[in-house]
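Participant: Okay, handing you the structure first.
The values are calculated or read from the model by the stated rules, or taken from the named source; none is laboratory data. These numbers were taken from a predicted model, which means no experiment stands behind them. Cβ coordinates were reconstructed from backbone atoms using ideal geometry, including for glycine residues, and neighbour counts include every protein chain displayed.
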Amino acid sequence: MHTLIFATNNQNKVDEIQSLVGADFNIIPLKTAGINIDIPEPHDTLQENAAEKANTILNITNQNCFSEDTGLEILALQGAPGVKSARYAGEGRDFQANIDKVLSNLGTTENRNAQFRTVICLKWGNEKEGFQTHYFEGICKGNIATEMHGEKGFGYDPIFIPEGSTKSFAQMTMEEKNQYSHRQKAVTKLFEFLRSK
Ligand code: ITT
């Protein structure tokens, strides 16, 4: 059994990842670990932000842990909101305001290609020998809808339609979203790595 702290304050991420975890993993969210801090995300890349979050929690716990940073990258907006996805419309981290800003910036643009990209940063090792850093990436390609569809999920899910589906992520159950999602792809690579340890 591998025990890992998941360095996130986003309960939606915890729920999605818990639904993918096999019985051979024990994933402990920050809340369960009794850690209540706002993890900094000051950098210009998903990888650096993921590393910052994992380093912060490793320094506090000295235990194996992982974090993930995710961005929605829209081609016609030169990759925005990207690394700024959580705060695209301001520090309020308001899902609806972020969606409104994307739809307004895209306007009637015909090319609505986009992708979600997740980067996981794993800190793996022990206090005696030290901890190594490993990264795992997952990408889900798709398109931005012209209006919101569905009530499920979180963040930009109501306006993201993954390739191969006619539904938005917010019209899917978590199990359906997992068949396509960036997070599922990155987490699968993480678990493959851990199973080889
Ligand atoms: P932690 O840093 O505590 O993990 P966060 O919500 O700040 O949580 P991110 O910076 O990685 O996480 O997330 C960026 C934003 O991207 C997030 O707030 C959502 O609005 C959006 N997002 C991330 N994953 C998503 C998904 O699967 N579906 C829709 N939107 C998503």
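Participant: Restricting to region 30-65, name every residue that is over 21 Å from Glu91 (Cα atoms), part of a loop (DSSP other than H, G, I, E, B) and among the polar types (S, T, N, Q).
Facilitator: If the condition is that a residue be over 21 Å from Glu91 (Cα atoms), part of a loop (DSSP other than H, G, I, E, B) and among the polar types (S, T, N, Q), then Thr32, Asn62, Gln63, Asn64 are the ones that fit.
Participant: Looking at (1) on the phi > 0 side of the Ramachandran plot; (2) away from the ligand (no atom under 14 Å from the Cβ), can you tell me which one Leu77 breaks?
Facilitator: Of the numbered conditions (1) on the phi > 0 side of the Ramachandran plot; (2) away from the ligand (no atom under 14 Å from the Cβ), the odd one out for Leu77 is (1).
Participant: Any idea which of (1) away from the ligand (no atom under 13 Å from the Cβ); (2) of a type in the set (Gly, Ala, Ser); (3) in contact with a Phe, Trp or Tyr (Cβ under 6 Å, 6 or more places away or on another chain) is the one Gly155 doesn't satisfy?
Facilitator: (1) is the only condition that Gly155 fails.
Participant: Which one is farthest from the ligand (Cβ to nearest atom) among residues in region 11-33 that are within 11 Å of the chain's Cα centre (by Cα) and buried (at least 19 other Cβ atoms within 10 Å of the Cβ)?
Facilitator: Here the answer is Ile17.
Participant: Give me the pairs: first residue in region 85-100 and more than 11 Å from the ligand (Cβ to nearest atom), second residue not hydroxyl-bearing (Ser, Thr, Tyr), beta-carbon distance under 8 Å, and six or more apart or on different chains, which are they?
Facilitator: Note: pairs meeting the criteria are Gly90/Ala97; Asp100/Ala89.
Participant: When you look at Ala76, is it touching a Ser or Thr at 6+ places or on another chain (Cβ under 7 Å), over 15 Å from Arg117 (Cβ atoms) and among the hydrophobic types (A, V, I, L, M, F, W, C), yes or no?
Facilitator: yes
Participant: For region 120-140, does any single residue satisfy the condition of being more than 21 Å from Asn98 (Cβ to Cβ), within 13 Å of the ligand (Cβ to nearest atom) and touching a residue at least 60 places away in the same chain (Cβ under 8 Å)?
Facilitator: yes
Participant: Turning to a different aspect of this structure: Please determine, by comparing only the residues of region 34-48 that are crowded, with 17+ Cβ neighbours inside 10 Å and of a type in the set (A, V, I, L, M, F, W, C), which one is nearest to the ligand (Cβ to nearest atom).
Facilitator: Checked region 34-48; the qualifying residue nearest to the ligand (Cβ to nearest atom) is Ile39.
Participant: Mind checking which strands (runs of 3 or more DSSP E) fall wholly inside region 86-197 and carry at least 1 residues that are under 19 Å from Asn49 (Cα atoms), among the hydrophobic types (A, V, I, L, M, F, W, C) and at pLDDT 95 or above?
Facilitator: 113-126, 130-144
Participant: Then there's this: Out of all the residues in region 12-27, is one or more modelled with pLDDT under 95, farther than 18 Å from His134 by Cα and part of a strand (DSSP E or B)?
Facilitator: Yes - at least one qualifying residue is present in region 12-27.
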